[in-house]
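Supplied in structure tokens, the structure appears directly below.
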Amino acid sequence: MELDRIEQLEFQTISKEVMDLLIVVSGYENRCTFLAHHLPIDPLNKVVFAFKEKQTEGFRPFNDQYFSTHHFDFHDATGGHGAEVVEKLESLLENARKDHLKILVDYSCMTKEWYAAIINYFVNFDLDAKEIELYFAYTPSTYEKPRRKRFFKKFARTLVTEPIESTGKPVSLVLGLGYDPVQAQELINRIRPAQTFAFYSDPSIDDRFVKEVEKVNKFLLKDLESDHVIKYPLNDMRAINLSLKQLCMDLRLQSQVILAPLGPKPFALACMLLSARYPDIWVWRVHTGQNDAYYKWKPYGKPLICKAVFKTLTEDRWA
């Protein structure tokens, strides 16, 4: 299928939709159940992907109990890869007989591998349905000062499993900055891009997020030219999509574009959707090790909804 268009919706508008499938996550975060609890509709099918990791930490016991009480279909999955997510999607959709399917995905607590796998599934497979509407929901969290140390392990392309080939073009690296400057600098050191661009959210849900990102990445930001640093509003997916597309459409003519979303998940989603539309733009995921500390990440405000429409037709539209 092909990605036809994307758009941002207000949370209350999905109350008018009949969802064929709701996909949520059970992990240790407080916000895992927020969308399901506040959803004004009851989807026809409800699936929860439960992390095989950290099954007793944080809010995990409560989350499991909530989803069990509300009759979700549990499916265990490993956070580090999306194979089990794809396998479940295949089993759910192989017998779907509708021309038009609507699927709501709460990616607030998903790993990037999981929602990349979902996008990749619809890009790579032609289904019986003529149109798939994917509603990606993200619940923002309250601010919590970073306290977990990460240790760089490896990086790899997110949306493909084939070996990474050389294009012979110079590389343009587009970073989505987060709280860990080591990841960003390691990518620069290993890739040695001809030019580097950095995105970060400003304004964000809380000004403390912005100050923290600017603080930990100050040396990187100082080394970049001013027009290579691009700020985006976290709650405006349309603005994020347009900024990314405008930059990358020019860069891809003369260079190999690599997107490395190290920061907020809405920006990572925008990178993945752009790559789905233009597969010569690569998305890379940095894999890290981490200690046993975790964040509470309580929900804050209404979920942000991004609607991506996949069709069997080949129209050149990008809303």
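The values are calculated or read from the model by the stated rules, or taken from the named source; none is laboratory data. Since we're looking at a predicted model, the values are computed, not measured. Quick reminder, even Gly has a Cβ in these numbers, built from the backbone with ideal geometry, and neighbours come from all protein chains shown.
(1) at pLDDT below 95; (2) small (Gly, Ala, Ser); (3) not assigned by TED's automatic domain parsing to the domain that holds GLN12: which one isn't true of GLY176, the others all being true?
Unmet condition: (1).
Another question, if that's okay. Which of the residues spanning the stretch 16-38 are among the hydrophobic types (A, V, I, L, M, F, W, C), within 9 Å of LEU104 (Cα to Cα) and not in a strand (DSSP E or B)? Let's see the steps before the verdict.
As a first pass, look at the stretch 16-38 and keep what is among the hydrophobic types (A, V, I, L, M, F, W, C): 18-19, 21-25, 32, 34-36.
Checking the rest, the ones that are also within 9 Å of LEU104 (Cα to Cα) come to 19, 21-24.
Residue satisfying the conditions is MET19 alone.
Something else now. Can you find even one residue in the stretch 200-219 that is in a loop (DSSP other than H, G, I, E, B) and closer than 22 Å to VAL257 by Cβ? Working first, answer last.
Start the filter on the stretch 200-219 by keeping residues that are in a loop (DSSP other than H, G, I, E, B), which leaves 202-206, 217.
The next check asks that each one be closer than 22 Å to VAL257 by Cβ; those that pass are 217.
Checked the stretch 200-219: at least one residue is in a loop (DSSP other than H, G, I, E, B) and closer than 22 Å to VAL257 by Cβ.
Kindly provide the set of residues from the stretch 145-173 that are at pLDDT below 70 and within 29 Å of ILE23 (Cα to Cα), ordered by number.
ARG148, ARG150, LYS154, PHE155, ALA156, ARG157, THR158, LEU159, VAL160, THR161, GLU162
Name the helices (runs of 4 or more DSSP H) wholly inside the stretch 48-144 in which the number of residues that are under 15 Å from ASP20 (Cα atoms) is 3 or more.
Per the criteria, 83-93.
A further question follows. For the stretch 37-65, enumerate the residues that are within 20 Å of PRO140 (Cβ to Cβ) and in contact with a helix residue (DSSP H, G or I) (Cβ under 7 Å, 6 or more places away or on another chain).
The answer is PRO40, PHE59, ASN63.
Of everything in the stretch 40-62, what is free of Cβ contacts under 8 Å to residues at least 40 places away in the same chain and under 21 Å from ILE103 (Cα atoms)? Give them in sequence order.
Listed by number, the residues that qualify are PRO40, ILE41, ASP42, LEU44, LYS46, VAL48, ALA50, PHE51.
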